[in-house]
1. Which one of A:K155, A:K132, A:K216 is more than 24 Å from the chain's Cα centre (by Cα) and under 30 Å from A:G44 (Cα atoms)?
2. With the structure loaded, tell me whether B:Y41 is more than 10 Å from chain A (Cβ to nearest Cβ), out of contact with any strand residue (DSSP E or B) (no Cβ under 9 Å at 6 or more places or on another chain) and more than 11 Å from ligand 2 (Cβ to nearest atom) or whether it fails that test.
3. Which residues, counting only those in segment A:40-76, are touching a Phe, Trp or Tyr at 6+ places or on another chain (Cβ under 9 Å) and among the basic types (K, R)?
4. Specify the residue that is nearest to ligand 1 (Cβ to nearest atom); the eligible residues are those in segment A:137-195 that are within 20 Å of A:N277 (Cα to Cα) and hydroxyl-bearing (S, T, Y).
5. Would you mind finding the one in A:A370, A:A379 that is assigned to a helix (DSSP H, G or I), within 11 Å of ligand 1 (Cβ to nearest atom) and within 20 Å of the chain's Cα centre (by Cα)?
6. Take A:V186 and decide whether it is at pLDDT 95 or above, surrounded by 20 or more Cβ atoms within 10 Å (Cβ to Cβ), over 23 Å from the mean Cα position of the chain (by Cα) and of a type outside the set (D, E).
7. State which residue pairs qualify: first residue more than 10 Å from chain B (Cβ to nearest Cβ) and inside segment A:233-245, second residue surrounded by fewer than 24 Cβ atoms within 10 Å (Cβ to Cβ) and at pLDDT 95 or above in any location, beta carbons under 6 Å apart, and separation of 6 or more residues or different chains.
8. Do the conditions hold for B:A24, that is, is it touching a strand residue (DSSP E or B) at 6+ places or on another chain (Cβ under 8 Å), surrounded by fewer than 17 Cβ atoms within 10 Å (Cβ to Cβ) and under 27 Å from A:A297 (Cα atoms)?
Amino acid sequence: MKKYSAFAVAREALRDHIGWERAWQSPEPRSKYDVIIIGAGGHGLATAYYLGKNYGIKNVAILEKGWLGGGNTGRNTTIIRSNYLQDPSAAIYEKARSLYENLSQDLNYNIMFSPRGVMMLAQTQHEIRGYKRTAHANALQGVSTEFISPQKVKKLCPIINIEGPRYPVLGALWQPRGGTARHDAVAWGYARACSDMGMHIIQQCEVTGVNTMNGKAVGVETTKGTIVCEKIGIVVAGHSGVLADMAGFRLPIESVALQALVSEPIKPCMDVVVMANTVHGYMSQSDKGEMVIGGGADGYNNYSQRGSFHHVEETVRALVETFPIISRLKMLRWWGGIVDMTGDRSPIISKTPVKNIFMNCGWGTGGFKAIPGSGWAMAELIAKGEPGPLAEDFRVTRFREGQFIDESVAAGVAH
Amino acid sequence: MLIFECPYCGVLTDETDLAAGGEAHLKRFGPGSSDDEFESYLFNRENPKGIHFERWRHVNGCGKWFNVARCTVSMEVFGTYPAQTLEPPAEIKDKISEKKPGWKWKEFS
Ligand SMILES: Cc1cc2nc3c(=O)[nH]c(=O)nc-3n(C[C@H](O)[C@H](O)[C@H](O)COP(=O)(O)OP(=O)(O)OC[C@H]3O[C@@H](n4cnc5c(N)ncnc54)[C@H](O)[C@@H]3O)c2cc1C
Ligand SMILES: [Zn+2]
């Protein structure tokens, strides 16, 4: 693989860009691999990358039914933060955030990580108490956050109306090291690095069956034929229930639609990410100048990648009160993704009832921020067959044990 | 926008008048049940890509719970029926079979 560098850009500029290589190969599947990862979203690709990088396991195929990064990884609003309440969450999200800081260098691919700061507005007394509690918890966890005054909110984000009659801003939980990254680039960067290690990324290859023998995984059926393997990692977000059904077990997960939309591009007016959880809305400005807006998830099971219009309407209505400046903006694009929700709004990184099948799912509305940490933890689980310290609390059996990692109370919205 | 006919009031009502209540026909397990049964009842869900039987409440109407048979991919609604039933009515099952031969859902299909 040729390295990307300033020198390479200059060299190619002088010769009509004829020297760029394909970023990753598109091989035909072999009949056998050591590990098969199902789903080439950020979490699947990161899992494969750290399997190779941290454990030297490189005989790996990543099977994708559509195109890589075409699921939620390419549909999210890219908020990266680690100001969660519970210790296991803080550990894995902070691991991910810190890996994001050097990910461009690590992958030799510009993922445009922008630690511009994330603020979560407190717009009710209940939220003030909740966020102060989170700030204290974060201090103990070694995650740097602080509770700030409405005046500081206004200073950091002048376009906010802090005196809204219905939703006054009473303060905010501020994480200066949170921010955004380019979602596609995260998938593409990991894919390029995996391909460079000799791993096979096989797109347009849907897994249609999971083959087991004596309670143990032995391979998968796909639209490109049967493939044999030692271990399987299922990393398919909204389709987790479908794959679990193929493997013969059920999950504490329901798939629902989450939507986002972007406006026409305008001049830079907002250089932080703002989340308003009471009204289920959040907003940031992309490098192109578009206002990127997301809302709450729908309440009913859905696999159609389309959500309900009235939900978006509610989000935008509330945001217009908090950001009056956006009231005349035209919206350019609007889309949905199918997110995998667990009861405690925390993910599952776990062994399963079938030996050698491992699940990574349940990231729901907020897993983009977790991609590097999740891949790190999942690679350890697959390589060793047992969870490491980052993953063990996220085992699927926590539900029957009553050991929830409850993040649903901490924040109504969890992007 | 999902539009259902409330089986109690007989009116067509849309999502803004309704609250979604998740999977229908859950079998309740309480004290004395095994851990497996309790876990399955409380947490594990069918979550199918296809036919789903689910509960909705007509909150901004009569306030009652009812069940809906719906496809989670095409959003086609196969019918609504009162919540006080252990299984979907035969006519709804027939209607589904016509469109999706071979569909399955838990113990009835
Ligand atoms: C609108 C929206 C906004 C969001 N905003 C944020 C945010 O601001 N911050 C944040 O942290 N998170 C956010 N999220 C959540 C985040 O996008 C997801 O948690 C994350 O991208 C999940 O990544 P993944 O790799 O697990 O899944 P995906 O990227 O969905 O990848 C799963 C892949 O599996 C493939 N697949 C499925 N079935 C099969 C099969 N049978 N065979 C082969 N392949 C299969 C799919 O095609 C897909 O490509 C948002 C999500 C949405 C929808
Ligand atoms: Zn009614």
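The values are calculated or read from the model by the stated rules, or taken from the named source; none is laboratory data. This structure is a prediction, so every number in the text was calculated from the model and none was measured. Because the Cβ atoms are built from the backbone with ideal geometry, glycine has one as well, and the counts that use them run over all protein chains shown. Heads up: the accessible areas ignore ligands, DNA and RNA and are worked out on the full protein's heavy atoms, side chains in. Shrake-Rupley method; radii C 1.70, N 1.55, O 1.52, S 1.80 Å.
1. Answer to the check: A:K216.
2. For B:Y41, the condition - more than 10 Å from chain A (Cβ to nearest Cβ), out of contact with any strand residue (DSSP E or B) (no Cβ under 9 Å at 6 or more places or on another chain) and more than 11 Å from ligand 2 (Cβ to nearest atom) - is met.
3. A:R75
4. A:T180
5. A:A370
6. No, not satisfied.
7. A:I234/A:L243; A:V236/A:L243
8. When the stated conditions are applied, B:A24 does not pass them.
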